[in-house]
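What follows is calculated from the coordinates using simple rules that are stated; it is not laboratory data. Just so it is clear, the model here is predicted, and its values are computed rather than measured. A quick note on method: Cβ atoms are made from the backbone with ideal geometry, for glycine too, and the neighbour counts reach across all protein chains shown.
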Amino acid sequence: MTSRITDILGLPDEQPLLPRQFRTERPLIVALIIMAFLATLALLAGRQGLRLGAEWQNELYGTASLQVFDVASENQEIIAERITERLSHFTPKLGITQLSQSDMVERLKPWLGSAAETEDLPFPLFFALESESDILSAHIERWLEPLNLDVKVDDHNQWRVEFETVGRALYRTAFLVLALILITSAMIAGFATQSVMSAFSSTLAVIYRSGATRQFVTQLFIQRFFRLSLRGALSGVGAGVIMALLWNGFILRSNESLMQRLSIDFSEIIWLFLLVIAFTLCCTLVSGSIAWRAPKSLRRSS
Amino acid sequence: MQNPEKKSRAEAGLSDAIASPSSEILRLERVSLRYDRTSEIFSDLTWALPQGRLCFLTGPSGIGKTSLLNLISLDRQPNRGHIFLFGQDVTQASTIQAHNLQRRIGLVTQNFNLIDDLNVFENIALPLRVTGARRDSYAGNVADLINWVGLGPRVAAYPGTLSAGEKQRTAIARAIITRPKLLLADEPTGNVDPEMAQRLLRLFVEMNRLGTTVIIATHNQDLLEQYDADIYTIRDGQVFQTNEVKK
């Protein structure tokens, strides 16, 4: 309809009130892309930290080790049989595997080093216990009390707490970094808004003088910075995802590496989507709030 | 020879303004303005202007005509005193209140204040566009006004390519497109030929006839002699009604 009337009257098309492209637009976009890229990596690392803590805990869930000390070598077989027999009546049902002395030596070697002599070490009787439900060391120790043995059960609870703590620390640190990146991005958008307002102060003064409300002018900036920050966020997150895929596909060659893959599954995609929204909103809102205060600064400058 | 009818109108207007502040569109009370410590433009200036008048503001260059328009248009704050506009003390007004009052004032400045990135049509339509109105609701009126001020062939031109006279006509068209309550024009005919000057002046008279109070700052004596208007002269930081200039 509009174009029909303007066509009939031979009028030119409607032009944007602010120039189509600011002089500072390209550096701003680059800065926003870098920030969104770093935010993506921080987010993926934080999520990975949380997942890692949970995985480590899961690996230890339902496992325990049982050591029996001060058992003469000639009695070891009898004691092992009595323990196995006693534990077979324990609830929940346990899987019991006795480790031979050679198995234990094999497991200790990486910790003791090549110089250590293991032959004279007093090895305890050692059983690996497994269950489908959680195992509590106190329950098993109490269950074995009638055997009157020096027994020590380790349900790895201390490690699980530490893994959980480490996982949460990684997660929180990464999200703190993410929050700092978002704040910095918003500040960059705010600085760019001020710079644009300063560069186009005479244009803004004319727009205000022509009767524009502060809502109208704020809306101009919100629209412009929404588009800019959305572009920056999408490009930065896209670059971050590509980086994560490169990391998983080319940089990490061994699955046994201490460094972890940056998983990108459905939940990560949801988180990345939220990141784009948060990033765009932070930048847009700061830009809008600065534009909202423009009449005061314009009046002061006059 | 001064027209007695015009004189009585001016006198009646002044007495009305003093007697009945509610009929005033503008009142300055003991207003002082200085740009630096030495030069004082206005000193304890008191001046009232009734609603619905067409008036010329005259005086030699540099006497303060533009400064007075800047005070009235709220583009400058006085150092002292009070300015009442539409019955409201604007020296006490917040930024937002001042801005709302400014929206009721049409202003034509000497430097035109056109936006370089907008063409003639968009510059003139700006006051309508910023209200959020749809383009097709005002396009016809804007086009009519553009033709009226003789800018029809230049509708898509940008300010950078316009002559001073074309810029001036664009600025005037923009100032009157919303039919403001108060129209301030600073040397509005300074850059146009006599024929166009007459045409623009007739536009101001027509605006005034429709109820807009018009204040035109000019040093063009020819204009003063042709129109039935109040004439005010700035001298020694004060404003005097001097319709005798027409003699």
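Return the loop-located chymotrypsin sites (Phe, Trp or Tyr not before Pro) in region B:74-130 (DSSP other than H, G, I, E, B) with at most 16 other Cβ atoms within 10 Å of their own Cβ; answer none if there are none.
The qualifying sites are B:Phe86.
Where both residues lie in the protein assembly as shown, what percent of DSSP beta bridges are antiparallel, nearest 5?
Given both bridge residues lie in the protein assembly as shown, the antiparallel proportion sits at roughly 65 percent.
Do you know the Lys pair count in the protein assembly as shown for C-alpha distances under 18 Å, with sequence separation 8 or more or different chains?
For the protein assembly as shown, the number of qualifying lysine pairs is 4.
Once you put a point 7 Å from the Cα of A:Leu281 and another 7 Å from the Cα of A:Gln15, both along the Cβ direction, what distance in nm separates them?
For A:Leu281 paired with A:Gln15, the spin-label model returns 3.7 nm.
For region A:224-244 and region A:171-190, write down the distance between their C-alpha centroids in whole Å.
If you average the Cα positions of each part, the centres end up 15 Å apart.
Put a dot 7 Å past each Cα toward the Cβ at A:Gln101 and B:Glu206; how far apart are the dots in nm?
11.7 nm
Select from A:Ser210, A:Ser133, A:Ser287 the residue whose mean-square fluctuation is largest in a Gaussian network model of chain A (Cα-Cα springs shorter than 10 Å).
Looking only at A:Ser210, A:Ser133, A:Ser287, the biggest GNM fluctuation is shown by A:Ser210.
Within a 10 angstrom radius of each residue's Cβ in B:87-99, how many Cβ atoms of other chains show up on average? Whole number is fine.
2
Hey, what number do you get for chain B at 222 nm if only DSSP H runs of n ≥ 4 count, each worth -39500 (n - 2.57), divided across all residues, to the nearest 500?
My calculation for chain B gives -11500 deg cm²/dmol from helical runs alone.
Can you sort A:Ser100, A:Ser65 from fewest to most other Cβ atoms within 10 Å of each residue's own Cβ?
Lowest to highest Cβ neighbour count: A:Ser100, A:Ser65.
Taking amide hydrogens as modeled 1.01 Å from N in the peptide plane, which residues meet the under 5 Å criterion relative to B:Thr242, leaving out close sequence neighbours?
Excluding prolines and chain starts, which carry no amide H, the hits are B:Ile231, B:Tyr232, B:Thr233.
Could you sort B:160-167, B:58-65 so that the peptide with the highest average Cβ count within 10 Å comes first and the rest follow in order?
Result, highest mean Cβ count within 10 Å first: B:58-65, B:160-167.
If you rank B:Tyr227, B:Tyr35 by fewest surrounding Cβ atoms within 10 Å, what's the result?
The order, fewest Cβ neighbours first, is B:Tyr35, B:Tyr227.
Once Rh is set to the Kirkwood radius over Cα pairs, what Stokes-Einstein translational diffusion coefficient, in µm²/s, holds for region A:138-182 at a temperature of 25 °C and a viscosity of 0.890 mPa s?
After rounding, the answer is 181 µm²/s.
So for the protein assembly as shown, what are the equivalent ellipsoid semi-axes in whole Å, largest first, each being the square root of 5 times an eigenvalue of the Cα gyration tensor?
Equivalent ellipsoid of the protein assembly as shown: 87, 24, 18 Å, largest first.
Taking the Cα-to-Cβ direction at A:Phe216 and at A:Thr84 and moving 7 Å from each Cα, how far apart do the two end points lie in nm?
9.0 nm
Only Lys, Arg, Asp and Glu count, each charged at its Cβ (+1, +1, -1, -1), so figure out the dipole size of region B:116-199 about its Cα centre, rounded to 20 debye.
340 debye
Counting only C-alpha contacts under 8 Å and six or more residues apart, can you give the relative contact order of region B:42-142 as a whole percent?
14 percent
What does the highest-first list of A:280-286, B:96-102 look like by mean Cβ count within 10 Å?
So the peptides A:280-286, B:96-102, ranked by packing, come out A:280-286, B:96-102.
Would you please give the residues with an amide H less than 5 Å from that of B:Arg34, counting only those at least 5 places away or on a separate chain, with H modeled from the backbone geometry?
Sorted by chain and number, the residues that satisfy this are B:Ile41, B:Asn79.
Return one quarter of the surface area of the convex hull spanned by the alpha-carbon atoms of chain A, equal to its mean projected area, in nm².
26.8 nm²
Give the average, rounded to an integer, of partner chain Cβ atoms located within 10 angstrom of each Cβ in B:109-115.
Averaged over the peptide's residues, the number is 3.
Under a GNM of chain B (C-alpha, springs under 10 Å), which listed residue has the highest mean-square fluctuation: B:Ile115, B:Ile124, B:Ile83?
B:Ile115
In whole Hz, what ³J(HN,Hα) sequence does region A:273-287 give by Karplus (6.51, -1.76, 1.60; θ = phi - 60°), x for Gly and Pro?
Karplus-based 3J(HN,Hα) across region A:273-287 equals 4, 5, 4, 4, 5, 4, 4, 5, 5, 4, 5, 5, 5, 5, 4 Hz.
From other protein chains only, count the Cβ atoms within 10 Å of every residue's Cβ in A:14-21, then give the mean.
Across A:14-21, the average partner-chain Cβ count within 10 Å equals 4.
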